[in-house]
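The values are calculated or read from the model by the stated rules, or taken from the named source; none is laboratory data. Since this is a predicted model, take the numbers as computed values, not measurements. Quick reminder, even Gly has a Cβ in these numbers, built from the backbone with ideal geometry, and neighbours come from all protein chains shown.
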Amino acid sequence: MKNRTENYSHFPRTGSLLLMLMLLLPSCMYEEGRTVELNTRKLTTDLLDESAAPYEYETIPLRTDRTALVIIDMWEDEPVIDGLAEYRVSPLLRLAREQGLTVVHAPSQNPDIHSSCMPDPGEIVVYGYQHIDRELALRGIDTILFSGFDTFKCVLDKPMGIFQTAQRNPGTGIIIVRDAVVSRKEAWKRVATDMVERDIGRSTSLPDLYAAFGTAPPSKIYTDITVPGELTGYDSLGPGEYFSAENSALVLTGTGALEISPAGTFGTRASETGDEIQQVLAEARSRHITVIHAPGGFGNAASLSPLEGEPVIDNFESLIDIVEGNSIKVLFYAGFAANRELLTGPAGLIRLYIRGRYGGKYIPRYIVLSDCTAAIETADTLAEEISLEVSLSYRDAVTVTSDRFPDLFQ
């Protein structure tokens, strides 16, 4: 029963039947594994002092029979993947097989898996935009290692990716193998890894994994696979676009960041945007544009407190209820932080993208007021505000500056 390959897209009926049969089998059918100690790290950026040592290291127990390796979108004929496949994922895959980890290949919409990372019999293959939470629960999986392409997009937001898996399975250990992922731009990889380490789970490295299993790593894993290319900014709203105030909404995320001490750069950047946000909010209210408050972890700033009748939401379903109930066609975003609440909070852009792209449901257009937000930076990203630039380039997001906001409505 362990020696099978599941293909839930090409053979949905067969795959579903196999999965149902598996659910009837006791988890004791799987052999008990051994426990190893794995070195991991967590990002603990101090918002008042970004120059402080940002990482907390912890050795955690890892049971081989309760650990899965999920490999996202390792596609053939994708040049940026070749180095990752040969020098990182292929050795990682071999190590996982030797140690008896559950291996899951999740190529999503592209069935052409890279030749260096082809599935073995018995490994799970998930095509399309599906997930296999029940199968992993049946196997007793409590920790998932993630690798693949693209770190800031697919590895983060696909149905088998980090964000969705963590949302559906609270309590499951989420670990990104930070040197076994790649992006089209190195900065995308860096910012996505930071987000995972800070807000979702932890990270580890290939050398740490080999050390945990007491195995000498092959020299190839140290090959430089850095992807060339600089950030090229983010998309801006073009001229000549206008919107209906009646079908628009202003979403304020985490405005409580305005009240963080400006001793830290994040607090300073946040406070510098306060006037712009105040002006945008006043304009929105004067035009009777729906105002939605999504405070998230930072809360609401006293100076931007909701008026009577303005909704305050703490979950994504509430946002969708407002969008559908008010026929909202465009959401304008202002607030903090660009790489936390703005992307993953209750009204986060990642949640919207998931609903539209993978759920096939209606979502409004989303536009970020670029001078009305700031990101949580680290010492390495602070000088050029890389986390902010990357966050504003997520998927289908476009930006506009607050001075254009009053002129966007007819």
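What to note about this one:
- The number of residues in the range 32-85 that are under 24 Å from Glu135 (Cα atoms) and among the small types (Gly, Ala, Ser) comes to 2.
- Among helices (runs of 4 or more DSSP H) entirely within the range 122-225, having at least 2 residues that are within 16 Å of the chain's Cα centre (by Cα) and among the hydrophobic types (A, V, I, L, M, F, W, C) singles out 154-157, 162-168, 186-195.
- Verdict on Ile124 being in contact (Cβ under 8 Å) with a residue 24 or more places away in the chain, within 22 Å of Tyr358 (Cα to Cα), surrounded by 20 or more Cβ atoms within 10 Å (Cβ to Cβ) and not assigned by TED's automatic domain parsing to the domain that holds Arg340: yes
For every residue, the table says whether it meets (1) buried (at least 20 other Cβ atoms within 10 Å of the Cβ); (2) at pLDDT 95 or above; (3) part of a loop (DSSP other than H, G, I, E, B).
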| residue | (1), (2), (3) |
| --- | --- |
| Gly309 | no, yes, yes |
| Leu319 | yes, yes, no |
| Ile322 | no, yes, no |
| Ser327 | no, yes, yes |
| Tyr333 | yes, yes, no |
| Leu343 | yes, yes, no |
| Ile354 | yes, yes, no |
| Ala383 | no, no, yes |
| Arg395 | no, no, yes |
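- Residue check for Ile71: in a helix (DSSP H, G or I) and either modelled with pLDDT under 95 or within 13 Å of Asp150 (Cα to Cα) (or both): no
- Restricting the range 285-300 to residues that are at pLDDT below 95 and at negative phi, the residue that is surrounded by the fewest Cβ atoms within 10 Å (Cβ to Cβ): Gly297
- A residue that is in contact (Cβ under 8 Å) with a residue 24 or more places away in the chain and either within 17 Å of the chain's Cα centre (by Cα) or farther than 17 Å from Gly274 by Cα (or both) can be found somewhere in the range 303-313.
- For Asn247, the conditions (1) buried (at least 22 other Cβ atoms within 10 Å of the Cβ); (2) touching a Ser or Thr at 6+ places or on another chain (Cβ under 6 Å); (3) of a type outside the set (D, E, K, R) are fulfilled apart from (1).
- Any hit, the range 364-381, residues being surrounded by 23 or more Cβ atoms within 10 Å (Cβ to Cβ), among the acidic types (Asp, Glu) and in a loop (DSSP other than H, G, I, E, B): yes
- The number of residues in the range 254-284 being in contact with a Ser or Thr (Cβ under 7 Å, 6 or more places away or on another chain), buried (at least 17 other Cβ atoms within 10 Å of the Cβ) and over 30 Å from Phe243 (Cα atoms) comes to 1.
- Within the range 164-199, the set of residues being in contact (Cβ under 8 Å) with a residue 60 or more places away in the chain and touching a strand residue (DSSP E or B) at 6+ places or on another chain (Cβ under 7 Å) comprises Thr165, Gly173, Ile175, Val177, Ala180, Val181, Val182, Asp194, Glu197, Arg198.
- Scanning the range 244-285 for residues that are free of Cβ contacts under 8 Å to residues at least 40 places away in the same chain, closer than 24 Å to Ser318 by Cα and in contact with a Pro (Cβ under 9 Å, 6 or more places away or on another chain) turns up nothing.
- Members of the range 249-265 that are at pLDDT 90 or above, part of a helix (DSSP H, G or I) and touching a Leu at 6+ places or on another chain (Cβ under 8 Å): Thr255, Leu258
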